[in-house]
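**Q** Would you mind keeping the following structure in view while I ask a few things?
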Amino acid sequence: MSYGGHSPHLANPEAPIHRATTTAATTAAAVLLLAACGAPPQAGDLASGASSAKVPKGDGSSLPDDYNGDGLPDHAIEGAQGDQETGERYVGAVFGGKQGLDGEQRVVLTREALGLPAPGEDDPGSLTIRDSADLDGDGFADLLIDADGAYVVWGGPEGLAGKAQALPAFDGKTANDMLAVSTAVADFDGDGATDIAVLDQIQGSPQEDFETAYLRGPFDRDGKPSETADLTLPDDAQDADLAPIDADGDKAIDLALVRNNDESPARHLVLRSGSSGPAEEELGDTPPGHAYATGDFDKDGTRDLLIGANGIPNNENPNDPDDPELHPGYVDFYSGADGFAKGEPVRITRDTPGVPGKAADSDGFGNGLLVGDVNGDGYDDAAVFTGTGFSPDSVNVLLGGPDGLTGKGAANLPLPDAPAGDLGFWDQLNLRDYDGDDRSDLLLGTEAPGRGNAYNEYAVHAGTPDGVTAEPSQEFSTKDF
């Protein structure tokens, strides 16, 4: 790794989660997202508890979350078998299929199955998911995990299997050390191989000190990159996390410095990538927001930018009606035809014609964003999370079209309350085509009551020509995994 703490210039450097719980979300009365939606199929029985069951075999694909290579995305899972504090930790995946995500089609891998060192007495050890991508270029997505250090679990026709391979670039890192390491995984140089950008905030040193590295893929089966190169970042990178972002639509995925420790809403610096890798030049800051996403919402071939702001600047009290800083939440649509974050945005609130509900100060509209094509018309759409703190209330689906993202045809999926005494809440996890019908499905989840994240429950709302279904088409729990 190379020190980046005192590299003020970006030009010409040398060098794209998961909880869930109560089935109340699947049985509570929910308003149809779109009036024309029909009743979805009912979910099957919960998984049996076997560590691996009915894994469909594939030949490989280009999806970053297709572990068995059958051409459909899968969903990575983590948890504990039994009690959250002392139960055996595991990671794994639930696989997509013709019926969507199915808890019966899964693989579960404990520390022992992964060949990891046994944790200490009364300590279950660290085992968490960091990212997902095809690191070795074999057509099967792999799982990057933290397990008292950085490891990769290789994908293959059977899904995730075999012993975890340590990544030498992170040699000697402990679980505590890895908390200070931010990674972004994507093809940053446009050569078709997956790379890893690394930002390590050095513990026990002045805050301005950090190390960076650009690990160029593909990786071999010993976990070694094809090349380790320099990654020059600006001086304030120590306060940021790394994230991939497709800001300009070329083959090289760009790099964002996510400044969530700054004022809220925050601006995030986007660095353009090129043939030499990430951070070739500064593309510019995003407008301030609590969430951002890119997609092609008007189907013009350029990448549009969405900025969500939940209406609660600087973490003010959302229940104070006299706070002058509070405002209705919004989503701003920036057309990619004007360049990245250029031009005047189209602002969407809950008062925009077609959007269900009514705008109010601190309503939380725009608190989270997911992008996918829910109705299969070729235009990207957005799932907009609405709600704040521990009390989210709904997901709004905004549709793309010739004019970009608008309120036309928008719909709302109310979320049930968390169980009594539980701080867990339903969250939107992903918007992916799990069943292969060319329509994105909405995956929701929330932590089980009183169990931390020892086990989770999930609900999938399938994409249809009219939007996503109001009732879940699949639901499953990891309780017996």
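**Q** Test of understanding: among 101, 114, which residue is out of contact with any strand residue (DSSP E or B) (no Cβ under 6 Å at 6 or more places or on another chain) and among the aliphatic types (A, V, I, L, M)? I'd like the intermediate steps shown before the answer.
**A** Values: 101 fails: out of contact with any strand residue (DSSP E or B) (no Cβ under 6 Å at 6 or more places or on another chain).
Unique residue meeting the criteria: 114.
**Q** Pairs please, first residue from the range 336-350 and hydroxyl-bearing (Ser, Thr, Tyr), second anywhere and assigned to a helix (DSSP H, G or I), Cβ atoms under 7 Å, 6+ apart in sequence or on different chains.
**A** As it stands, the answer is none, since no pair meets every condition given.
**Q** Looking only at the range 455-481, filter to residues that are buried (at least 23 other Cβ atoms within 10 Å of the Cβ) and among the polar types (S, T, N, Q); which one of those is nearest to the chain's Cα centre (by Cα)?
**A** Result: 456.
**Q** To continue, here is another question. Here is a check on your reading of the model: is residue 220 charged (D, E, K, R) and over 23 Å from residue 294 (Cβ atoms)?
**A** Values: charged (D, E, K, R): yes; over 23 Å from residue 294 (Cβ atoms): yes.
Yes.
**Q** How many of the residues making up the range 180-211 are at pLDDT below 75 and not small (Gly, Ala, Ser)? Before you say what the answer is, go through the steps one by one.
**A** Just the residues of the range 180-211 that are at pLDDT below 75, to begin with: 202-208.
Applying the additional criterion that residues be not small (Gly, Ala, Ser) yields 202-203, 206-208.
Number satisfying all stated conditions: 5.
**Q** Going through the range 115-157 one residue at a time, which ones are in a loop (DSSP other than H, G, I, E, B), of a type in the set (D, E, K, R) and touching a Ser or Thr at 6+ places or on another chain (Cβ under 8 Å)?
**A** Within the range 115-157, the subset in a loop (DSSP other than H, G, I, E, B) is 115-127, 134-141, 147-149, 154-157.
Now restrict to residues that are of a type in the set (D, E, K, R): 121-123, 134, 136, 138, 148.
Of everything in the range 115-157, those that are in a loop (DSSP other than H, G, I, E, B), of a type in the set (D, E, K, R) and touching a Ser or Thr at 6+ places or on another chain (Cβ under 8 Å) turn out to be 122, 134, 148.
**Q** For the range 51-75, which positions are modelled with pLDDT of 95 or more, at positive phi and surrounded by fewer than 18 Cβ atoms within 10 Å (Cβ to Cβ)?
**A** The answer is 71, and nothing else.
**Q** Something else now. Has the range 434-448 got any residue that is assigned to a loop (DSSP other than H, G, I, E, B) and modelled with pLDDT under 70?
**A** Yes, the range 434-448 has at least one match.
**Q** Now, a different point. Could you check residue 92 against (1) closer than 27 Å to residue 227 by Cα; (2) outside any loop (DSSP other than H, G, I, E, B) and say which number it fails?
**A** (1)
**Q** Do the conditions hold for residue 212, that is, is it crowded, with 21+ Cβ neighbours inside 10 Å and out of contact with any helix residue (DSSP H, G or I) (no Cβ under 8 Å at 6 or more places or on another chain)? Let's see the steps before the verdict.
**A** Working: crowded, with 21+ Cβ neighbours inside 10 Å: yes; out of contact with any helix residue (DSSP H, G or I) (no Cβ under 8 Å at 6 or more places or on another chain): no.
Criteria not met by residue 212.
**Q** Now for a separate question. Filter the range 368-393 down to residues that are touching a strand residue (DSSP E or B) at 6+ places or on another chain (Cβ under 7 Å), among the polar types (S, T, N, Q) and surrounded by fewer than 23 Cβ atoms within 10 Å (Cβ to Cβ) and give me whichever is nearest to residue 334 (Cα to Cα).
**A** My answer is 375.
**Q** Sticking with this structure for a sec: Regarding residue 236, is this residue in a helix (DSSP H, G or I), of a type outside the set (Phe, Trp, Tyr) and at pLDDT below 95? Give the derivation first.
**A** Details: in a helix (DSSP H, G or I): yes; of a type outside the set (Phe, Trp, Tyr): yes; at pLDDT below 95: yes.
In short, yes.
**Q** Something else now. Could you grab me the full set of residues in the range 275-307 that are buried (at least 20 other Cβ atoms within 10 Å of the Cβ), touching a Pro at 6+ places or on another chain (Cβ under 6 Å) and either small (Gly, Ala, Ser) or modelled with pLDDT under 95 (or both)?
**A** 279, 289, 290
**Q** Among the numbered criteria (1) at positive phi; (2) assigned to a strand (DSSP E or B); (3) surrounded by fewer than 16 Cβ atoms within 10 Å (Cβ to Cβ), which one does residue 347 miss?
**A** (1)
**Q** Moving on. Kindly provide the set of residues from the range 249-268 that are in contact with a helix residue (DSSP H, G or I) (Cβ under 8 Å, 6 or more places away or on another chain) and either among the aromatic types (Phe, Trp, Tyr) or crowded, with 18+ Cβ neighbours inside 10 Å (or both), ordered by number. Quick ask: steps written out before the conclusion?
**A** Initial filter on the range 249-268 (in contact with a helix residue (DSSP H, G or I) (Cβ under 8 Å, 6 or more places away or on another chain)): 249, 257, 259, 261-265.
Hits for the range 249-268 are 257, 259, 265.
**Q** So residue 355 clears everything in (1) modelled with pLDDT of 90 or more; (2) assigned to a loop (DSSP other than H, G, I, E, B); (3) surrounded by fewer than 18 Cβ atoms within 10 Å (Cβ to Cβ) except one condition, right? Which one?
**A** Against the list (1) modelled with pLDDT of 90 or more; (2) assigned to a loop (DSSP other than H, G, I, E, B); (3) surrounded by fewer than 18 Cβ atoms within 10 Å (Cβ to Cβ), residue 355 comes up short only on (3).
**Q** Looking at this structure, is residue 269 under 24 Å from residue 386 (Cα atoms) and not basic (Lys, Arg)? Can you show your working first?
**A** Details: under 24 Å from residue 386 (Cα atoms): no; not basic (Lys, Arg): yes.
Against the criterion (under 24 Å from residue 386 (Cα atoms) and not basic (Lys, Arg)), residue 269 does not qualify.
**Q** Right, here's the next one. Does at least one position in the range 271-291 carry a residue that is among the aliphatic types (A, V, I, L, M) and over 20 Å from the mean Cα position of the chain (by Cα)? Write out each step before concluding.
**A** Pass one, the range 271-291, residues among the aliphatic types (A, V, I, L, M): 271, 279, 283, 291.
Cutting the leftovers down to over 20 Å from the mean Cα position of the chain (by Cα) gives us 279, 283.
Among the residues of the range 271-291, at least one is among the aliphatic types (A, V, I, L, M) and over 20 Å from the mean Cα position of the chain (by Cα), which makes the answer yes.
The values are calculated or read from the model by the stated rules, or taken from the named source; none is laboratory data. Just so we're clear, the structure is a prediction, and the values are computed from it rather than from any experiment. Here Cβ is always computed from backbone atoms with ideal geometry, including for glycine, and neighbour counts include all displayed protein chains.
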